[in-house]
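Novice: One structure is given below, represented as structure tokens, and several questions about it will come after.
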Amino acid sequence: MALIELSVENLAVVESVRLALARGFTVLTGETGAGKSLVVDAVALVLGARASADQVRAGTDAARIEAIFDEVPRDPNDPLDELIDEGTLIVRREVSSDGRSVARANDRAVTVGSLSALGARLGEIHGQHEQQRLLLPERQLALLDRFAGLDAGSVSELHRAWRAAVAASGELLTDAHELARRVELLRHQSEEIASAALSPGEDLEVEARLRAAQHAEAIALSAAQAAAALRDEGGATEALNVGVAALESAASHDDRFGELAERAR
């Protein structure tokens, strides 16, 4: 795997620079303040390092870094692995002057967290106060598995199978008194269900009765309005219209008023 090109724009004191890197060992030299550390900072950003607004060059809206990696190793466990096109990966990182950060891998927007996980495969920065992968527990575990010649996936599957076997054996060795207690509990629950004499649709009927009880006051008021309208000595059509509206209001809470509303209509 190789970093073959790095473009930096508006990063700290760097206005614009493009580095075409040859394969193999590359050395950057220069006097203090020439920007050597900024090249490292740019690489760190495309590897998923934390960004900040003070990295943006004064007077500009955003800093932009683009890196092209070739012969990137594949890893089916990495969600971003599908983005790698024939081993080539172009990573773009933009940091705006307000501190917001946008990352793209092969023109697809990705989170900084997922970019950081991918960056662990793309490169590693060593130095004072920089990240060191050897301090990460998952990295230590991977090195230990590799040294022992173990496949972490198969070991994980075997461990899960072992745990399942232990649980199954525990069930088989359950105390006889505990088994008797469980049987008695299940028998009691079965008898309660049988004695309830439930019928299909009974739950819907209970729900309807509960809904009617919850709106009993509104139902009584609507029924009273309907009765008063029908006793009114005014015009029959108007009285029926008022009665229908009142009965329909009651029917919205209690289905038993639906037939009365239909008859009134």
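The values are calculated or read from the model by the stated rules, or taken from the named source; none is laboratory data. Please read these numbers as outputs of a predicted model, since none were measured by experiment. Here the Cβ positions follow ideal geometry from the backbone for every residue, glycine too, while neighbour counts run over all protein chains shown. Ligands, DNA and RNA are excluded from the accessible area calculation, which covers all protein heavy atoms including side chains. Shrake-Rupley method; radii C 1.70, N 1.55, O 1.52, S 1.80 Å.
Novice: With all distinct Cα pairs included, what does the Kirkwood hydrodynamic radius of the range 48-158 come out to in Å, to one decimal, could you say?
Specialist: Taking the inverse mean of 1/r over all distinct Cα pairs, the range 48-158 comes out at 16.0 Å.
Novice: OK, next. Would you work out what percent of the accessible area of the chain, with all protein chains in place, is carbon or sulfur (probe 1.4 Å)?
Specialist: It is 56 percent, rounded to a whole number.
Novice: Restricting attention to the range 53-107, which trypsin sites (Lys or Arg not before Pro) occupy a DSSP loop and are surrounded by at most 14 other Cβ atoms within 10 Å?
Specialist: 74, 100
Novice: Another question, then. How far is helix 36-46 tilted, in degrees, relative to the longest principal axis of the Cα atoms in the chain, given as a value from 0 to 90 rounded to the nearest 10?
Specialist: 30
Novice: Also: Can you give the extra length, in nm with one decimal, that the chain gains between residue 20 and residue 192 once fully stretched, where that is 0.36 nm per residue apart less the Cα-Cα distance? Intermediate results must be reported in sequence, preceding the final value.
Specialist: Working: separation 172, 0.36 × 172 = 61.92 nm, distance 7.98 nm.
Contour length minus the Cα-Cα distance gives 53.9 nm.
Novice: Can you give me the accessible area per residue for the chain, using a 1.4 Å probe, in Å²?
Specialist: Per-residue accessible area for the chain comes out at 69 Å².
Novice: Which shape class applies to the range 9-56: rounded if a/c is under 1.5, otherwise prolate when a/b exceeds b/c and oblate if not, where a ≥ b ≥ c are the square roots of the Cα gyration tensor eigenvalues?
Specialist: It is oblate, given that a/c is not under 1.5 and a/b is not larger than b/c.
Novice: Which of rounded, prolate, oblate describes the range 123-265, given a ≥ b ≥ c as roots of the alpha-carbon gyration tensor eigenvalues and a/c under 1.5 marking rounded, otherwise prolate only if a/b is larger than b/c?
Specialist: oblate
Novice: Would you please state which residues of the range 242-265 a label at residue 227 would reach in this model, taking the label point 7 Å out along Cα→Cβ and a backbone N cut-off of under 14 Å?
Specialist: Hits in the range 242-265 for residue 227 at 14 Å: 247.
Novice: Angle check, please: helix 202-214 long axis (alpha carbons) against the longest principal axis of the chain (alpha carbons), in degrees 0 to 90, nearest 10.
Specialist: That helix lies at roughly 80 degrees to the long axis.
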